[in-house]
1. Using DSSP to define loop residues, name the trypsin sites (Lys or Arg not before Pro) in segment 108-193 whose beta-carbon has at most 15 other beta-carbon atoms within 10 Å.
2. Points 7 angstrom from Cα along the Cβ direction at His79 and Ala26: gap in nanometres?
3. Suppose every K and R has +1 on its Cβ and every D and E has -1 on its Cβ; what is the size of the dipole of segment 1-159 about the Cα centre, in Debye to the nearest 20?
4. Could you report the chain's accessible area per residue, 1.4 Å probe, as an integer in Å²?
5. Which far-off residues, 5 or more places away or on another chain, put their amide H under 5 Å from the one on Leu75, with H placed in the peptide plane?
6. Between the DSSP loop rule and a limit of at most 11 other Cβ atoms within 10 Å, which GluC sites (Glu not before Pro) in segment 93-198 are left?
7. Check each of the GluC sites (Glu not before Pro) in segment 1-61 and keep only those in coil by DSSP with at most 11 other C-beta atoms within 10 angstrom; list them in order.
8. Contour minus end-to-end for Lys128 and Ile145, with contour as 0.36 nm per residue of separation and end-to-end as the Cα-Cα distance?
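The values are calculated or read from the model by the stated rules, or taken from the named source; none is laboratory data. It should be emphasised that the depicted structure is a prediction, and the values quoted were computed from it without experimental measurement. As a convention, Cβ positions derive from the backbone with ideal geometry for all residues, glycine included, and neighbour counts pool all protein chains shown. We work out accessible area using only protein heavy atoms, side chains counted, and drop any ligands, DNA or RNA first. Shrake-Rupley method; radii C 1.70, N 1.55, O 1.52, S 1.80 Å.
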Amino acid sequence: MGRYIVGIAGASGAPYSKRVLQGLLAGGHDVKCVISDAGRRVLEVEERLLLTGNTNTDHPDILEWLGMESTGSQLELLHHKDVAASIASGSFHTDGMVVVPCSGGTLAKIANGISSGLLERAADVCLKERRKLILVTRETPLSLIHLRNMTAVTEAGAIVMPGSPGYYHQPKSVQDMVDMIAGRILDHLGVDSKLLQEWTGPEPAAYAETE
Ligand SMILES: Cc1cc2nc3c(=O)[nH]c(=O)nc-3n(C[C@H](O)[C@H](O)[C@H](O)COP(=O)(O)O)c2cc1C
């Protein structure tokens, strides 16, 4: 099984973080999770998830949020100020990292190598070690600064994957749209999930309706 890092920064999109964590854990993978201060604030606002300073593995609030009784030893929550944590070193092997969601601020720090906290440091490590790094950015509209930072991280080897779902799969619910993005993220991490819907072309009926 793999070992992945999930960074949660302070952009809108907490349902994406939840689905990606669920997908990784359900697949039997180990997950190191680091959440910025603003990320915690957004989790409170969007998911009603109130995290204390606790970083224990089976944080009761996180388990309830994920709908799990225990994560065994699969999930480790690391404090974003703990730059001595395992994922701060390239010698600690991982199969990749996703920052989901990724704020404009965290994007800027990663693009400029400013490793002031564990989340940005872990991303910096992924880039220097040539490991997979996916940034699920969420902002609209985008400034020239955002666009330049997206170019910089792409040139450095990261994948910018905005949290913007498509509509061609005919989503029936918000969860369908969340799953579309989460499925694409997991696919890029090389993780099998039931969330990814492969597009094989429109239903024949869709043509009939337009004729
Ligand atoms: C509820 C809420 C939603 C936010 N949504 C976004 C967003 O979608 N994109 C963004 O770049 N910043 C967003 N912000 C602002 C960031 O959280 C803020 O710039 C913060 O300093 C980012 O810190 P971080 O990058 O360390 O997580 C939001 C803040 C709050 C409280």
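1. Arg130, Lys172
2. Once both label points are built, they end up 3.3 nm from each other.
3. 480
4. Here the per-residue accessible area is 51 Å².
5. Val31
6. Glu198
7. On the way: sites: Glu44, Glu46, Glu47; in loops: none.
Of the GluC sites (Glu not before Pro), not one in the loops of segment 1-61 has a Cβ with at most 11 other Cβ atoms within 10 Å.
8. 3.8 nm
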